[in-house]
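Let me begin by presenting the structure, written as structure tokens, before commenting on it.
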Amino acid sequence: MAVPHLVAHRGCMAFYPENTLVSLEAAMQGGAQYVEFDLQCSADGELVLMHDTTLLRTCGVQGNVFEMTYEELKNIRAHEPERFSLAFFKQRIPHLYDVIKLLKKYPHVTAFVEIKKESLEYFGIENIMPRLMQDLEPIFEQCVIISYDYDALHYVQQYSHYKIGWVLKKYDMASYQKARELKPDFLIVNHNKLPANKECWQGEWQWMIYDINDPYEALEYESYGVEYVETRDICNMLQHPLFAILNEQGI
């Protein structure tokens, strides 16, 4: 029985604040071989782990990442107070360097690094991508750079040898033609956008879907050509009998 690889979506975010060091390390300690996290850019050009452009949802305070320096952001707690109250009050917004340091401790783990389209549009691809590629150099072999932004990924192909993954807004013929031109290593899409009971487009890429938290549903998508499944509940998914063998074999 073929079983898809599980990817920790923003870490083990079912039980920890998303995109925090505790969430990512919990996933890796729980056996995750693949993790995903999001990056936004601060006003002074520093890359920090954050999904939204505003701070309210994950930090419980007002503010916009684009309008704040890293010196301001680094002291803000990213503890998702609406979900967890004060349980993770010590967690702060991580810098990309913090995660690089963490990943060095887990050299067998691959990171899907999503640079958010909002940052690319606000600051410009030429201002963001060289910094991102340079910062990730110490863990080059562990990284896949992913984004919704097609042009940013094309830039990565032109100026580096990083693996890339294109996150699709739509699963349609226009996207298929662009994927054939880009030839990314991964195509990534919300599972709800895939047509029912049909095999995914074939190509030089591998498929990754999100966000699946049921092991049997993950297995069903594997039969349509999906090889990677992002889940917010990586810790429980990996403990399910369907995926336990992957832990044992280190796959």
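Just so it is clear, none of the values below were taken in a lab; they were calculated from the coordinates. Model, not experiment: these values are computed from the prediction. Glycine gets a Cβ as well: all are built from the backbone with ideal geometry, and neighbour counts include every protein chain shown.
The table for this structure:
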item	result
Cα-Cα separations in the stretch 170-251 greater than 19 Å, expressed as whole percent	40 percent
Phi-based couplings in Hz for the stretch 176-192 (Karplus 6.51, -1.76, 1.60; Gly and Pro marked x)	4, 5, 5, 5, 5, 6, 6, 6, x, 6, 9, 10, 10, 7, 4, 4, 5
Those lysines that a straight Cα-Cα span of less than 24 Å connects to residue 74, excepting residues fewer than 8 apart in one chain	90, 101, 104, 105, 116, 117
Contact order normalised by residue count of the stretch 133-174, Cα under 8 Å, 6+ apart, percent	39 percent
Equivalent-ellipsoid semi-axes of the stretch 67-113, from the Cα gyration tensor, Å, largest first	23, 16, 9
Value of relative contact order over the stretch 121-251, rounded to a whole percent, pairs C-alpha under 8 Å and six or more apart	15 percent
For the stretch 31-177, alpha-carbon Rg and Dmax in angstrom	15.7, 48
Calculated from backbone phi, Karplus (6.51, -1.76, 1.60) coupling profile of the stretch 66-75 in Hz, x at Gly/Pro	5, 9, 10, 7, 4, 4, 7, 5, 5, 9
Part-to-part distance (alpha-carbon centres) for the stretch 23-86 and the stretch 98-157, which is given in Å	16 Å
The chain - Rg and Dmax from Cα coordinates, angstrom	17.5, 50
Sorted by Cβ density within 10 Å, fewest first, the residues 162, 176, 228	176, 162, 228
Estimated inter-spin distance, residue 121 and residue 64, nm [label 7 Å along Cα→Cβ]	1.3 nm
Dipole-positive endmost among 218, 202, 176 within the chain (Cβ charges, Cα centre)	218
Most mobile listed residue (142, 157, 202) in the chain, GNM with C-alpha springs under 10 Å	202
Length-normalised contact order for the stretch 27-181 - Cα pairs under 8 Å, 6+ apart - percent	20 percent
Residue 146 long-range amide H proximity, modeled H, under 5 Å	113, 114, 115, 165
Most fluctuating residue given options 86, 153, 47, as computed from a GNM of the chain linking Cα atoms under 10 Å	86
